[in-house]
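Student: Pasting a structure here, questions to come.
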Amino acid sequence: MQSLPPPTTLKIPSLSSNPSPSLQFPTFSTNRLIRQINDGRLRTAISTLEHMVQHGSHPDLQTYSLFLKRCIRTRSFDLGRLVHEKLTQSDLQLDSVTLNSLISLYSKSGQWEKAKSIFEHMGNSRDLITWSAMVSCFANNKMGFEALHTFLDMIQNGYYPNEYCFSAAIRACSTAEFASVGDSIFGYVIKTGYFASDVCVGCGLIDMFVKGRGDLVSAFEVFEKMPERNAVTWTLMITRFMQFGYAGEAIDVFLDMILSGYEPDRFTLSAVISASAKLELLSLGQQLHSQAIKHGLTLDRCVGCCLINMYAKCSVDGSMSESRKIFYQILDHNVISWTAMITGYVQKGGYDKEALDLFRGMILTHVLPNHFTFSSTLKACANLADLRIGEQVFAHAVKLGFSIVNCVANSLISMYARSGKIDDARKAFDILFEKNLISYNTVIDAYSKTLNSEEAFELFNEIEDQGMGASAFTFASLLSGAASIGTIGKGEQIHARVIKSGLKSNQSICNALISMYSKCGDIDSAFQVFEDMDDRNVISWTSIITGFAKHGFATKALELFHKMLEAGIRPNEVSYIAVLSACSHVGLVNEGWKHFKSMYAEHGVTPRMEHYACMVDILGRSGSLSEAIQFINSMPFKADALVWRTFLGACRVHDNLELGKHAAKMIIEQEPHDPAAYILLSNLYASTSQWEEVANIRKVMKQKNLIKEAGCSWVEIENKVHKFYVGDTSHSKAEEIYDELEHLSSKIKKLGYVPNMDFVLHDVEEEQKEKYLFQHSERIAVAFGLISISKSKPIRVFKNLRICGDCHAAIKYISLATGREIIVRDANRFHHIKDGRCSW
DNA sequence: CTAGGGTTAG
């Protein structure tokens, strides 16, 4: 039996017994290094490596190679670069395996130049993997041409591409430019059988169709024909559907995936949670949340971001507590997770202060914001109307170089526009080097809202000149601008461009067209658009109902409301304002009550101030002033000025000075600086000839420096808007206009018109009064319309305030005397006046 | 040596 070796041989050699420690030390360290690499403790491994190198000993090439691969796999590129550095310092002769790893490292970290230089130095030692890695590198760095060139070069050098090369080459064809090359390669992979045998090739093909051509149909076909799929393939399809706006399809594919027995992972859940956020499917989102919990992914940053977004968009209670909870569970925050929470706050509405606090918190923790962050934060400043903070935030963006990124600059433009600083908005727009469609739309919308249709239209032309292609948003802004001024000529022009652009079936554009035609006085065309629509939503129905109600066709409005209910469309708050005002216009007290009572009971719409005002109008107009007062007193909240103004209007119609005075006081109490209330009270006194009281009110107004909004009327002739004030003589054709007025005056008096001096609110001589009446802006506009518009067309006049009662009567006579149709839009409604009669 | 992620302005 062999005896045991003497114990001394097992002794670890001491430094003193071994003069060359480096011979012993490295093996020991290399093993430790390998263990650290395999355990994924890469930072510790780097220290070990550095320590070894410092002692003049390098691990072997296999260990270096292992280290590199591990760095690539864990996407620790900066560590990978350190390993490369140490490798260069060693005397090791690099083999192709290591060099291939280095190409891959630089390919993935975006340093394609370095990868290329390694590739070029390799010369004859290149193998199939080297070529594949290089093709892949160019493809990853969006250099399709170079990738395909290398691919062909490889074939010419006698290599047969394998599945790796093919998937890289296919990825290189993911731009429209290389679509036909892609088709050839597609044919090639089918012939060689790689399509059937490799899932990565299939994934490449899916992206070739999606990214290169936006062709989701072909992509899905490829997906369905793949003989073999795994969780990554499923997730890719789900993600692409989601990213290209097909959230519903994404969810369908996900359900299929689950039914087919595949396990979703963080990527899958992220995509589907985003889809449920987009479609506002809270219960699906919640189910996915519990899936995430089941898979232990609640702390995952990526899933967390999607959940934050989903709860911000979908939670019904209006609170951000769910999103906030998720946010604080994430431990390793980065820009994206901070931004997701900031954006959630901003989109939810009402949390702009919290968003700004979070932005500050992010800066304090030294996380650098990106363009998304700035965009949302600026929006928060815009919501708070805080230009000072907004400009500070923007200055920060300038410092970090994000100020020229579109979404940041566009947020700045929007902030200025929404704060009424249209000139600053324009300046920010003008200095923006590369404007995109949203930049244009933002400024166009601002101009449309401030009734500057000239500028809006000019920018719209610029969009078309640059071949940018206006979007539904552009048209909707332009149309609402045209609607506010009532320029039907402009509106029709825009309609023509809508048709030319191929967007004529777009729902929001059609809705905007309905309101444009309706507000420009052409209810027939509005109805035409409505009837031609394939797909109507609650806004389409509400727009046309509002149109008919405002034009005095209440029966038609109510009929359409019933049709809407039959069509299964749920009415909203605005629908009920239209319905109730229709009832009030035709004096349908009972029907009004019926709708008011059923709006909440049957359709869950809680009446708000406007609805109460409509009811007050219904009751007041029918003469039940005391019932109206009772109704006001029974309201669940304090009646505001709108309600009292409505009531005051009824008091005026029914000549009830006492209740009217009470109403006026209530208005002035709530809006002490609104001149309109004083004017109403003054009118009430004037109509009962209490001139002393009228003078008193004027005096108070003067003391408070309240200036009544000047009444003005306008009419559009050949796309140009002509605006008139009372007694206006500034128009170039003023002489002709006044001749026409004179002429009309004598003509209608013969037909029986008697001027009603109640509407002259000055205490002046009767003859003088008549002259005032004839110089009201609406009458001047009508006269100008008569001499400028061809006889076959109706005259459409617009007034910023309510039409004067005497003018209303006079215009009825004018329509009789001239045989013309005159449509007047005042602050409240449309008057279709024809053959001496008004639609009201 | 190959395939899938999150946040964005009107």
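Student: Over 19 Å between Cα atoms, which of A:519/A:594; A:490/A:519; A:108/A:225; A:313/A:421 qualify?
Tutor: Details: A:519/A:594 28 Å; A:490/A:519 13 Å; A:108/A:225 30 Å; A:313/A:421 30 Å.
In this structure, A:519/A:594; A:108/A:225; A:313/A:421 lie more than 19 Å apart at Cα.
Student: Whole-Hz ³J(HN,Hα) for each residue in region A:455-464, computed from phi via Karplus 6.51 cos²θ - 1.76 cosθ + 1.60 with θ = phi - 60°, x for glycine and proline: what do you get?
Tutor: 4, 4, 5, 4, 5, 4, 4, 4, 4, 5
Student: At 0.36 nm per residue, and after removing the present C-alpha to C-alpha distance, how many nm does the segment from residue A:751 to residue A:328 gain when stretched out fully?
Tutor: 144.3 nm
Student: Order A:600, A:188, most accessible first, counting only protein heavy atoms with a 1.4 angstrom probe. Could you put the intermediate results ahead of the total?
Tutor: Working: A:600 135, A:188 90 Å².
Order by accessible area, largest first: A:600, A:188.
Student: Normalised radius of gyration for region A:554-659, please: alpha carbon Rg relative to 2.2 N^0.38 Å, two decimal places.
Tutor: Computed over Cα atoms of region A:554-659, the ratio equals 1.07.
Student: Under the rule a/c < 1.5 gives rounded, and otherwise a/b versus b/c splits prolate from oblate, where does region A:608-708 land using the Cα gyration tensor?
Tutor: Values: a/c = 2.68, a/b = 1.50, b/c = 1.79.
Oblate shape, in that a/c is at least 1.5 and b/c is the bigger or equal ratio.
Student: Show me A:666-673, A:640-647, A:779-786 ranked by packing, highest mean number of other Cβ atoms within 10 Å first. Write out the running numbers ahead of the final one.
Tutor: On the way: A:666-673: 16.0, A:640-647: 22.6, A:779-786: 25.6.
Per-residue mean Cβ counts within 10 Å order the peptides as A:779-786, A:640-647, A:666-673.
Student: Still on this structure: Once the Cα gyration tensor of region A:407-503 is diagonalised, what are the square roots of 5 times its eigenvalues, in whole Å and ordered largest first, as equivalent ellipsoid semi-axes? Don't skip to the end; give the middle numbers.
Tutor: Values: eigenvalues 92, 50, 18 Å².
Semi-axes (√(5λ), whole Å): 21, 16, 10.
Student: Right, something else. Rounded to whole Hz and in sequence order, give me ³J(HN,Hα) for region A:389-400 from the Karplus expression 6.51 cos²θ - 1.76 cosθ + 1.60, θ = phi - 60°, writing x for Gly and Pro.
Tutor: In residue order, the calculated couplings are 5, x, 5, 5, 4, 5, 4, 5, 5, 4, 4, 8 Hz.
Student: Averaged over every viewing direction, what's the projected area of the C-alpha convex hull for chain A? Give it in nm², one decimal, please. The partial results should precede the final answer.
Tutor: Working: hull surface 207.8 nm².
Computed as one quarter of the Cα hull surface, the answer is 51.9 nm².
Student: Please work out how much accessible surface residue A:803 shows to a 1.4 Å probe, ignoring ligands, DNA and RNA, in Å² rounded to 10.
Tutor: 30 Å²
Student: Could you report chain A's accessible area per residue, 1.4 Å probe, as an integer in Å²? List each step's numbers first, then the result.
Tutor: Numbers: 41560 Å² over 840 residues.
It amounts to 49 Å² per residue over chain A.
Student: My understanding is that a pair violates if its Cα-Cα distance is over 31 Å; which of A:733/A:834; A:379/A:500; A:556/A:771 do that in this structure? Don't jump to the answer; show the numbers that get you there.
Tutor: Numbers: A:733/A:834 26 Å; A:379/A:500 34 Å; A:556/A:771 39 Å.
Violating the 31 Å limit, Cα to Cα: A:379/A:500; A:556/A:771.
Student: In whole Hz, what ³J(HN,Hα) sequence does region A:718-733 give by Karplus (6.51, -1.76, 1.60; θ = phi - 60°), x for Gly and Pro?
Tutor: Working through the residues one at a time gives 6, 6, 10, 8, 10, 10, 10, 9, 4, x, 5, 10, 7, 6, 5, 9 Hz.
Student: If A:840, A:691 are ordered by their accessible area, calculated over protein heavy atoms with a 1.4 Å probe, which sequence runs from highest to lowest?
Tutor: Details: A:840 95, A:691 55 Å².
In descending accessible area the options line up as A:840, A:691.
Student: Between residue A:499 and residue A:360, what is the FRET efficiency for a Förster distance of 45 Å, r being their Cβ-Cβ separation, to the nearest 0.05? Before the final figure, lay out the partial values.
Tutor: Numbers: r = 50 Å, r/R0 = 1.10.
The computed FRET efficiency comes out at 0.35.
Student: Report the full-extension gain for the segment residue A:190 to residue A:606: residue separation times 0.36 nm, less the Cα-Cα distance, to one decimal in nm. Write out the running numbers ahead of the final one.
Tutor: On the way: separation 416, 0.36 × 416 = 149.76 nm, distance 6.15 nm.
Contour length minus Cα-Cα distance gives 143.6 nm.
Student: What is the distance in Å between the Cα centres of region A:225-269 and region A:584-655?
Tutor: 54 Å
Student: Tell me the label-point distance for the pair residue A:436, residue A:454, using the 7 Å Cα-to-Cβ offset, in nm and rounded to one decimal.
Tutor: 3.2 nm
Student: Report residue A:653's accessible area, 1.4 Å probe, all protein chains in place, as a number in Å² to the nearest 10.
Tutor: Its heavy atoms expose roughly 100 Å² to the probe.
Student: Using amide H atoms built 1.01 Å from N in the peptide plane, name the residues 5+ places from residue A:797, or on other chains, whose amide H lies under 5 Å from its own.
Tutor: A:823, A:824, A:825
Student: Something else about it: 7 Å from Cα along Cα→Cβ at both residue A:152 and residue A:565: what's the point-to-point distance in nm?
Tutor: Rounded to a tenth, the inter-label distance reads 7.0 nm.
Student: Another question, if that's okay. Within the accessible area of chain A, what % is carbon and sulfur when the probe is 1.4 Å and the other protein chains stay in place? If you can, show how the numbers build up before the last one.
Tutor: Numbers: 22080 of 41560 Å².
So the carbon and sulfur contribution to the accessible surface is 53 percent.
Student: Using r as the Cβ-Cβ distance of residue A:462 and residue A:532, and R0 as 25 Å, what FRET efficiency do you calculate, to the nearest 0.05?
Tutor: Approximately 0.25, to the nearest 0.05.
Student: Sticking with this structure for a sec: So for A:348, A:225, A:563, A:799, what's the accessible-area order with a 1.4 Å probe, most first? It would help to have the intermediate numbers written out before the result.
Tutor: On the way: A:348 50, A:225 130, A:563 100, A:799 25 Å².
Result, largest first: A:225, A:563, A:348, A:799.
Student: Give the Cα extents of region A:714-838 along the principal axes, in whole Å, largest first.
Tutor: 40, 31, 30
Student: What whole number of Å gives the distance from the Cα centroid of region A:719-759 to the Cα centroid of region A:108-183?
Tutor: Taking the Cα centre of each part, region A:108-183 and region A:719-759 sit 80 Å apart.
Student: Moving on to the next point. If I take R0 = 51 Å and measure r between the Cβ atoms of residue A:427 and residue A:673 in this structure, what FRET efficiency does the formula 1/(1 + (r/R0)^6) give, to the nearest 0.05?
Tutor: Working: r = 32 Å, r/R0 = 0.62.
Working from the Cβ atoms, E equals 0.95.
Student: For region A:685-709 and region A:386-438, compute the distance between their C-alpha centroids and round to whole Å.
Tutor: Cα centres, region A:685-709 to region A:386-438: 45 Å.
Student: Quick one: go through region A:333-367 and flag any residue whose amide nitrogen is under 19 Å from the point 7 Å out along the Cα-to-Cβ line of residue A:293.
Tutor: none
Student: For the pair residue A:143 and residue A:92, how long in nm is the line joining their label points, each one 7 Å along Cα→Cβ?
Tutor: 2.7 nm
Student: Can you tell me which of A:37-45, A:508-516 comes out highest on packing, and rank the rest after it, using the mean Cβ neighbours within 10 Å? The partial results should precede the final answer.
Tutor: On the way: A:37-45: 15.7, A:508-516: 26.0.
Sorting A:37-45, A:508-516 by mean packing, highest first, produces A:508-516, A:37-45.
The values are calculated or read from the model by the stated rules, or taken from the named source; none is laboratory data. These numbers come from a predicted model, not from an experiment. A quick note on method: Cβ atoms are made from the backbone with ideal geometry, for glycine too, and the neighbour counts reach across all protein chains shown. Ligands, DNA and RNA are stripped out before the accessible areas are found, and what is left, the full protein with its side chains, is counted by its heavy atoms. Shrake-Rupley method; radii C 1.70, N 1.55, O 1.52, S 1.80 Å.
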